[in-house]
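Coordinate-derived values only; no laboratory data. Bear in mind that the values here come from a model prediction, so they are computed numbers and not experimental data. No Cβ is skipped: glycine too gets one built from the backbone with ideal geometry, and neighbour counts run over all protein chains shown.
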Amino acid sequence: MINHQGHRKSKKVGANKKKAEEVANIVRANLLLGRPLLGKEDQPKVPTLKEYYRRFESTYMETAIKESSYIVDESAFRVHTLPQLGNLRLDQINGGHIEDFISVLMGKDLGKHSIKVVLGSLRLLLNNAIEKGLIKENPVSGVGKLCRQAPVRHEDIEPLSEEESLLLLQAASEWEAEHFPLFLCVLHTGLRGGEVIGLQWGDIDWSGKFMEIRRQVVRGKLTTLKTKHGRRRVDLSGDLLATFSALKTSRQEKALKGGSSEISKWVFANDQGDRMGIDYIKAKVFTRILSKAGLRKIRFHDLRHTYASQLLANGVPATYVSRQLGHSNPKITWGVYAHWAPGENQRQAVNQLPSLNRISGGLDQAKAQMGRN
């Protein structure tokens, strides 16, 4: 028992009186100096990364960031960060641990962009821990040089050729006519799955022949886009515009027969007027269409890659394709699709270089010109 400024403090410690007196002396000294009674033992326990992540996920990630970002960050922690660093206390994680972690990520054959995403999600969590007073410094800061050593990798993409695209559309028209407009839309705009089912009739400018992409559906929830300004303009082909017009007219006629003048606001709506579920489209409808068309199995997202690669193959500038896709920088577009740009179109450029075979009277004219000089 210790009396200090009228306050009584007590704590049972030690196996005997001598040990208890030693601890009492420490307590008296710490009281005079305004420190915790028993030093570090009285300080709040710093949680492990795994423990803190559970709280961080429920209180911050699920409420303060977009659904699309949540999916990326949650996957980064679950697949990479927690298995490697999860059992360390936050105040134990240092620059050496981060360097080793980067080496592990590079050993998994992750590219530079993927590693930056993983580290970015960890940096966000540790900054939050700094705000809570659990740690003083963020060990992820200052490791950019190590990331530069990682190679730049892009996902494997399997775009359809023009002939394969026609086979897919033909199969959709014959076997899944209800969903034909959706697949034509993706092949003619390059929209992501969540963007295409988020389309509303009010997004279409019929006279301007374009539509504004304003929203997307992620994990079943409607949210804003990944793009900086929250929306983008996408030009519409004549075929797609005509298909949209026919679809809307059909919906209006069906509604009138049912005694209503209103149609669903969703371009791709189900029988109840709600937006379609993209998971069903990908897993069931798309798989059936590929099978009926006799095409290899590809991902639904490869239709977006098909759109971009075919535009570039036809000589469309990467800047235009980038705007259509909603990329923040044309370098991203070119970095992903450059190797799908055709050799033949590029060969046309070298065929335009000076050649005697392309000059009437070629060699004679060249010699005459040399003689005059």
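Could you compute the net charge surrounding Leu184? Neighbours are other residues with a C-beta less than 12 Å from the C-beta of Leu184; K and R count +1, D and E count -1. Around Leu184, the surrounding residues sum to -2.
When only DSSP loop residues count, what trypsin sites (Lys or Arg not before Pro) in the range 279-325 have their Cβ near at most 10 other Cβ atoms within 10 Å? Provide the component values of the computation, followed by the final result.
Details: sites: Lys282, Lys284, Arg288, Lys292, Arg296, Lys297, Arg299, Arg304, Arg323; in loops: Arg296, Lys297, Arg299.
When the trypsin sites (Lys or Arg not before Pro) of the range 279-325 are filtered for loop state and at most 10 Cβ neighbours within 10 Å, Arg296, Lys297 remain.
The string of couplings for the range 90-95 from the Karplus curve (6.51, -1.76, 1.60, θ = phi - 60°) is 4, 7, 8, 6, 10, x Hz, one whole number per residue in order, with x for Gly and Pro.
Sorted into 5 angstrom bins from 0, the C-alpha pair distances of the range 294-340 split as 5, 23, 32, 22, 10, 6, 2, 0 percent.
For the range 195-262, the Cα-based Rg and Dmax, in that order, read 14.1, 43 Å. Subtracting the Cα-Cα distance of Tyr60 and Ala177 from their residue separation scaled by 0.36 nm leaves 37.8 nm. With 0.36 nm allotted per residue and the present C-alpha distance subtracted, the Arg219-Glu262 stretch has 12.7 nm of extension available.
List the pairs from Lys248/Lys297; Lys132/Lys221; Lys50/Lys116; Lys66/Lys331 whose alpha-carbon separation is above 28 Å, in the order I gave them. It would help to have the intermediate numbers written out before the result.
On the way: Lys248/Lys297 31 Å; Lys132/Lys221 30 Å; Lys50/Lys116 20 Å; Lys66/Lys331 25 Å.
From Lys248/Lys297; Lys132/Lys221; Lys50/Lys116; Lys66/Lys331, over 28 Å: Lys248/Lys297; Lys132/Lys221.
For the range 214-225, putting each phi into the Karplus relation 6.51 cos²θ - 1.76 cosθ + 1.60 with θ = phi - 60° gives couplings of 10, 8, 8, 10, 10, 6, x, 10, 7, 8, 7, 7 Hz, in residue order, rounded to whole numbers and with x for Gly and Pro. Taking amide H as placed 1.01 Å from N in the peptide plane, Leu88 has its amide H under 5 Å from the amide H of Leu49, Lys50, each at least 5 places away in sequence or on another chain. Over all other residues within a Cβ to Cβ distance under 11 Å of Ser260, the charged ones net out to +2, with Lys and Arg as +1 and Asp and Glu as -1.
Backbone amide hydrogens, once placed in the peptide plane, bring Phe210 within less than 5 Å of Asp205, Leu236, excluding anything fewer than 5 places away on its chain.
Projected label points at Lys132 and Arg288, each 7 Å from Cα along the beta carbon direction, are separated by 4.8 nanometres.
Taking a straight line from the alpha carbon of Lys136, these aspartates and glutamates sit under 20 Å away, with near neighbours fewer than eight places off in the same chain left out: Glu41, Asp42, Glu51, Asp91, Glu99.
Restricting the trypsin sites (Lys or Arg not before Pro) of the range 63-101 to loop positions (DSSP other than H, G, I, E, B) with no more than 16 neighbouring Cβ atoms within 10 Å leaves Lys66. Around the Cα centre of the range 49-148, unit charges on the Cβ atoms of Lys, Arg, Asp and Glu (plus for the first two, minus for the last two) sum to a dipole of about 180 debye. Among Val196, Val117, the order by Cβ neighbours within 10 angstrom, fewest to most, reads Val117, Val196. Find how many whole Å separate the alpha carbon centroid of the range 96-113 from the alpha carbon centroid of the range 125-139. Centre-to-centre distance over Cα atoms comes out at 22 Å. Here the gap between Trp206 and Ser103, fully extended at 0.36 nm per residue and compared with their Cα-Cα distance, gives a gain of 31.8 nm.
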